[in-house]
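See below for the structure under consideration.
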Amino acid sequence: MPLNLEDKKSIVAEVSAIAAEAHSVVAAEYHGLTVDEMTKLRVEARNSGVYLRVVKNTLARRALAGTEFECINDGLVGPLVLAFSQVDPGSAARLVKNFSKDHKKLVTKLLAVGGVMLSANELDRLASLPTKDQAISMLMSVMKAPVEKLTRTLNEVPGKLVRTVAAIKDAKQA
């Protein structure tokens, strides 16, 4: 069923608004996936904070114009599903990577982060980026390490004194 002009405008506006706030985008070819598999992919995307949309390439080019993902416009060829990371930069890449393990027909074609188009081979690297919670916990452990080391160092002085006194006591008793 062809889209009328108002539908096209609303799709472009919706995708453009999502792209303006997204951290990264992954475009993957889905040719050969069944409806059930696509539904499963959409459910997983919704649960992981990824906006997933199949858009005609001409509409996608218009929607991405003026955003940092305009760099992928030349690669928009064929049936593609666009996955925009809403939560953290690696969430869309993790979704596509995990889903393509079981469904070989989902093939990554394009990646973009921060206005830079990456090769499809960089999917693993992008997927391995920590989530926001993981990054915060890593930062907190780095910040906490010097305080813990200082505490252990300060605690060692009286501990050493106690061990020295105990050794002197044992030597006098012997």
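Structural remarks
- Residue 90 being modelled with pLDDT under 90, touching a helix residue (DSSP H, G or I) at 6+ places or on another chain (Cβ under 6 Å) and within 19 Å of residue 132 (Cβ to Cβ): yes
- Test: residue in the stretch 142-161 that is assigned to a helix (DSSP H, G or I) and in contact with a Lys or Arg (Cβ under 9 Å, 6 or more places away or on another chain): no
- Among the residues of the stretch 115-124, at least one is modelled with pLDDT of 85 or more, touching a strand residue (DSSP E or B) at 6+ places or on another chain (Cβ under 8 Å) and either assigned to a loop (DSSP other than H, G, I, E, B) or not small (Gly, Ala, Ser) (or both).
- Enumeration of residues in the stretch 38-57 that are over 15 Å from residue 110 (Cα atoms) and assigned to a helix (DSSP H, G or I): 38, 39, 40, 41, 42, 43, 44, 45, 46, 47
- Among the residues listed as 50, 35, 77, 54, the single one being touching a helix residue (DSSP H, G or I) at 6+ places or on another chain (Cβ under 6 Å) and closer than 24 Å to residue 103 by Cβ: 50
- Residue satisfying all of: in the stretch 104-114; closer than 15 Å to residue 88 by Cα and touching an Asp or Glu at 6+ places or on another chain (Cβ under 7 Å); surrounded by the fewest Cβ atoms within 10 Å (Cβ to Cβ) among these: 114
Here's the yes/no breakdown for (1) touching a Cys at 6+ places or on another chain (Cβ under 9 Å); (2) surrounded by 12 or more Cβ atoms within 10 Å (Cβ to Cβ):
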residue: 64; (1), (2): yes, yes
residue: 81; (1), (2): no, yes
residue: 94; (1), (2): no, yes
residue: 100; (1), (2): no, yes
residue: 125; (1), (2): no, yes
residue: 135; (1), (2): no, yes
residue: 153; (1), (2): no, no
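- Of all residues in the stretch 22-37, those being part of a helix (DSSP H, G or I) and surrounded by 12 or more Cβ atoms within 10 Å (Cβ to Cβ) number 1.
- Filter result (under 16 Å from residue 42 (Cβ atoms), assigned to a helix (DSSP H, G or I) and out of contact with any Leu (no Cβ under 6 Å at 6 or more places or on another chain)) within the stretch 80-114: 91, 92, 94, 95, 96, 98, 102
The values are calculated or read from the model by the stated rules, or taken from the named source; none is laboratory data. This structure is a prediction, so every number in the text was calculated from the model and none was measured. We place every Cβ from the backbone using ideal geometry, glycine too, and count neighbours over all the protein chains shown.
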